[in-house]
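So the structure is just underneath, and the comments pick up after that.
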Amino acid sequence: MHIGIFSPYSLTFPGGVQGQVLGLARALRRRSHDVRVLGPCDGPPPEAGITPLGNSIFLAANGSVAPIAPDPSAVLRTIRALRDEEFDVVHLHEPLVPGPNMTALLYKQTPTIGTFHAAGESASYKWFKPGVRWLSKRLDLRCAVSDDAAELARRALGGLYLSTFNGVETTRFSSALPWPKPPGQRTVLFVGRHEPRKGLAVLLEAHRSMPNDVRLLVAGTGPQTAELRAAYGSDRVEWLGRIGDAELARRWRSTNVYCAPSVGGESFGVVLLESMAAGAPVVASDIAGYRNVVTPDLDALLVAPNDPGALASAVNRILGDAALAAALTEAGHKRAEAFSMDALAEDYEALYESIV
């Protein structure tokens, strides 16, 4: 099939939805499909097979910010691409985000499937409910990556949602060469946007209760970066800034613990699965989005959100117990394999065929 997969968010910036779009496209190409990825790009496309639809602007969304492209030029590029490509099927991730995805629904001439990722609350669903309800009816099939994502969409839009999941390119993470570090050094890794809902401040406070030889590696940037660096800028914290996918996989391969202290707003813990695929023991907040993918005390340790003491205690347990770390690593790897991107591509292939 000739498949068009749309990302509503700029493919230049790392993000959960962008990662799913690109990874799914790669997996579908391995299954001999002709796949084109379309979405905003702020600069050159990050890889081949992408049609850039314009630059993005950052808008607040779900406690974070989203790089979307709602401007007229992106709309015109989207219409032109849909007309020129003549896709057999169009797949919209977050189909009701303003910009190319909404345009693709309005201009719809092809069987179209939508995958809903967001959980929690959506201001746009609330403000524009009649319009988005009408637009959602143009989808031939609706999918949701988790029960929480399905509940949000169902509450706002009505309709039925097939359960899918977020996929992980397990081989890419498990085969990465570990990032070099001094012999005997112990590290805890954080990856994410520096904003309140990601809980970085909680982890930085917890780090003060970890042994002095434990180095905290902080990847990513965000609105809290300067404030947090000023408050927690010790020589035990290394601020990595924004890192690429290849370096991230290598960092996961070498870290002693991966920590995800988000306080809410996560619909599906794909970042946990990626770190487990790389072999990193996981400590994460006990929130609904993370319970979708891990079993407490089997493949990850979960602690109450917003609790630095509990977070530090869980990390210290892993650092001080090699058997526990090994058990979490083994169980985590098996869990990640259950969410492989290749399995997800096979599922979507069947769904595409059902509407084509």
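The values are calculated or read from the model by the stated rules, or taken from the named source; none is laboratory data. This is a predicted model, so every value here is computed, not measured. No Cβ is skipped: glycine too gets one built from the backbone with ideal geometry, and neighbour counts run over all protein chains shown.
Can you tell me how many residues in region 124-180 are among the small types (Gly, Ala, Ser), surrounded by 17 or more Cβ atoms within 10 Å (Cβ to Cβ) and part of a strand (DSSP E or B)? Before the answer, list the steps.
From region 124-180, those among the small types (Gly, Ala, Ser) are 124, 131, 136, 144, 146, 149-150, 153, 156, 158-159, 163, 167, 174-176; that's our starting set.
Imposing the further condition that a residue be surrounded by 17 or more Cβ atoms within 10 Å (Cβ to Cβ) reduces the set to 124, 136, 144, 146, 149-150, 153, 156, 167, 174, 176.
Right, trim to part of a strand (DSSP E or B) and you get 144.
Adding up the residues that qualify gives 1.
Specify the residue that is surrounded by the fewest Cβ atoms within 10 Å (Cβ to Cβ); the eligible residues are those in region 220-242 that are closer than 23 Å to GLU274 by Cβ and in contact with a Lys or Arg (Cβ under 7 Å, 6 or more places away or on another chain). Only one residue tops the list, namely GLU238. Taking the criterion of being in a strand (DSSP E or B) and of a type in the set (Phe, Trp, Tyr), the residues of region 221-273 that qualify are TRP239, TYR258. With a requirement of 2 or more residues that are buried (at least 17 other Cβ atoms within 10 Å of the Cβ), the strands (runs of 3 or more DSSP E) lying completely within region 1-80 that satisfy it span 2-6, 34-39, 50-52, 64-68.
Among the residues of region 158-194, which ones are touching a residue at least 40 places away in the same chain (Cβ under 8 Å) and either aliphatic (A, V, I, L, M) or in contact with a Pro (Cβ under 6 Å, 6 or more places away or on another chain) (or both)?
Filtering region 158-194 for residues touching a residue at least 40 places away in the same chain (Cβ under 8 Å) gives 161-162, 164-170, 172-174, 176-181, 186-193.
The answer is LEU162, VAL168, ALA176, LEU177, VAL188, LEU189, VAL191.
Just the residues that are out of contact with any strand residue (DSSP E or B) (no Cβ under 9 Å at 6 or more places or on another chain) and within 22 Å of GLN18 (Cα to Cα), please, taken from region 157-174.
Step one: of region 157-174, the residues out of contact with any strand residue (DSSP E or B) (no Cβ under 9 Å at 6 or more places or on another chain) are 158, 165-166, 172-174.
Selection gives PHE165, ASN166, ARG172, PHE173, SER174.
When the test is whether a residue is in the same structural domain as ARG30 (by TED's automatic domain parsing), in contact with a helix residue (DSSP H, G or I) (Cβ under 7 Å, 6 or more places away or on another chain), of a type outside the set (Ser, Thr, Tyr) and farther than 18 Å from MET276 by Cβ, ALA345 passes it. Inspection of region 236-256 finds no residue satisfying the criterion of being touching a Leu at 6+ places or on another chain (Cβ under 7 Å) and closer than 23 Å to ALA60 by Cβ.
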